[in-house]
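Peer 1: Mind having a look at this structure? Questions to follow.
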Amino acid sequence: MSALSDNEIRERLISYTCQRNCCGVAEQSGICCTLGDKDWILGPIEDHAEVLKRLEDRLGRPVPFVEVFIDYEEGRALFPDKSSWQNPAHYPAMRVVPDAISRYSCAFLKGGKCSIHEIKPTICASFLCEYLQKVVRSVVGS
Ligand code: SF4
Ligand code: SF4
């Protein structure tokens, strides 16, 4: 049996933490995919064209931009009190929808988990919140 590489340990740690111990809270997940009271925006999605293509391949139908993303004109009007939504450099953003828990979350967050995990945008795949950065550093050092 071969030992796991540092990278494999890192990926497992990230997956476990985000899905089972998000921000150090047992069984919590996906807080960075929700707005709540935070001044927070899910963008910019720089690879939006590639994300749409992957979604279309998965769903087998055309996927309109507005089904997945929010542009500056819509976003700035949607959240006039959140400064992150007033900055055009943060767009396009992932579409958020009202929910019972955090009031708004990514349209693809289902049951606290990303429903498009395998094809999600690069920014989502690479994002590590401060808590997760500390966890990773404490175990694999980077
Ligand atoms: S990156 Fe942080 S906030 Fe986002 S799901 Fe992982 S632990 Fe939670
Ligand atoms: S696409 Fe997935 S990882 Fe990205 S914000 Fe939405 S639910 Fe979160």
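Peer 1: Which residues, counting only those in segment 66-100, are of a type in the set (D, E, K, R) and farther than 15 Å from H48 by Cα? Reasoning before the result, please.
Peer 2: Step one: of segment 66-100, the residues of a type in the set (D, E, K, R) are 67, 71, 73-74, 76, 81-82, 95, 99.
Listed by number, the residues that qualify are E73, E74, R76, D81, K82, D99.
Peer 1: Considering V66, V96, which residue is over 27 Å from Y131 (Cα atoms) and of a type in the set (V, I, T)?
Peer 2: Numbers: V96 fails: over 27 Å from Y131 (Cα atoms).
The match here is V66.
Peer 1: Would you mind telling me which numbered condition in (1) in contact (Cβ under 8 Å) with a residue 40 or more places away in the chain; (2) more than 15 Å from ligand 1 (Cβ to nearest atom) E73 fails?
Peer 2: Tallying (1) in contact (Cβ under 8 Å) with a residue 40 or more places away in the chain; (2) more than 15 Å from ligand 1 (Cβ to nearest atom), E73 fails exactly one: (1).
Peer 1: Among the candidates C129, C106, single out the residue that is of a type outside the set (D, E), within 12 Å of ligand 1 (Cβ to nearest atom), in contact (Cβ under 8 Å) with a residue 40 or more places away in the chain and touching a strand residue (DSSP E or B) at 6+ places or on another chain (Cβ under 9 Å). Explain how you work it out, then say what you get.
Peer 2: On the way: C129 fails: touching a strand residue (DSSP E or B) at 6+ places or on another chain (Cβ under 9 Å).
Selected residue: C106, the only one of C129, C106 that is of a type outside the set (D, E), within 12 Å of ligand 1 (Cβ to nearest atom), in contact (Cβ under 8 Å) with a residue 40 or more places away in the chain and touching a strand residue (DSSP E or B) at 6+ places or on another chain (Cβ under 9 Å).
Peer 1: Consider E56 carefully, then state whether it is surrounded by 12 or more Cβ atoms within 10 Å (Cβ to Cβ), in contact (Cβ under 8 Å) with a residue 24 or more places away in the chain and among the acidic types (D, E).
Peer 2: Criteria not met by E56.
Peer 1: Here's another thing I want to ask about it. Give the number of residues within segment 9-23 that are modelled with pLDDT of 95 or more, of a type in the set (S, T, N, Q) and within 15 Å of ligand 2 (Cβ to nearest atom).
Peer 2: 1
Peer 1: Here is a further query. Of everything in segment 109-126 that's within 16 Å of ligand 1 (Cβ to nearest atom) and in a helix (DSSP H, G or I), which residue is nearest to the chain's Cα centre (by Cα)?
Peer 2: Of all residues in segment 109-126, those within 16 Å of ligand 1 (Cβ to nearest atom) come to 109-117, 120-126.
Remaining after also requiring in a helix (DSSP H, G or I): 117, 122-126.
On the way: H117: 9, T122: 9, I123: 7, C124: 4, A125: 8, S126: 9 Å.
The selected residue is C124.
Peer 1: Name the residue that is nearest to ligand 1 (Cβ to nearest atom), counting only residues in segment 1-23 that are closer than 14 Å to Y131 by Cβ and in contact with a helix residue (DSSP H, G or I) (Cβ under 6 Å, 6 or more places away or on another chain).
Peer 2: Filtering segment 1-23 for residues that are closer than 14 Å to Y131 by Cβ and in contact with a helix residue (DSSP H, G or I) (Cβ under 6 Å, 6 or more places away or on another chain), the one nearest to ligand 1 (Cβ to nearest atom) comes out as C22.
The rows are residues; the columns are (1) among the acidic types (D, E); (2) surrounded by 11 or more Cβ atoms within 10 Å (Cβ to Cβ); (3) within 15 Å of ligand 2 (Cβ to nearest atom); (4) modelled with pLDDT under 95.
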residue: N7; (1), (2), (3), (4): no, no, no, yes
residue: V25; (1), (2), (3), (4): no, yes, no, no
residue: K38; (1), (2), (3), (4): no, yes, yes, yes
residue: I41; (1), (2), (3), (4): no, yes, yes, no
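Peer 1: So, one more: Taking the stated definitions as given, is V63 of a type in the set (V, I, T), under 16 Å from I116 (Cα atoms) and assigned to a helix (DSSP H, G or I)?
Peer 2: On the way: of a type in the set (V, I, T): yes; under 16 Å from I116 (Cα atoms): yes; assigned to a helix (DSSP H, G or I): no.
No: the conditions fail for V63.
Peer 1: Now for a separate question. Among the residues of segment 9-42 satisfying the criterion of being on the phi > 0 side of the Ramachandran plot and in a loop (DSSP other than H, G, I, E, B), which is farthest from the chain's Cα centre (by Cα)?
Peer 2: Narrowing segment 9-42 to residues on the phi > 0 side of the Ramachandran plot: 23-24, 27, 30, 36.
Imposing the further condition that a residue be in a loop (DSSP other than H, G, I, E, B) reduces the set to 27, 30, 36.
On the way: E27: 18, G30: 7, G36: 14 Å.
Top of the filtered list is E27.
Peer 1: I've got another one for you. Regarding A89, is this residue away from ligand 1 (no atom under 16 Å from the Cβ) and under 30 Å from L13 (Cβ atoms)? Break it down stepwise before answering.
Peer 2: Working: away from ligand 1 (no atom under 16 Å from the Cβ): yes; under 30 Å from L13 (Cβ atoms): no.
Taking the combined requirement at face value, the residue does not satisfy it.
The values are calculated or read from the model by the stated rules, or taken from the named source; none is laboratory data. This is a predicted model, so every value here is computed, not measured. For neighbour counting, all protein chains shown are included, and Cβ atoms are generated from backbone atoms with ideal geometry for every residue, glycine included.
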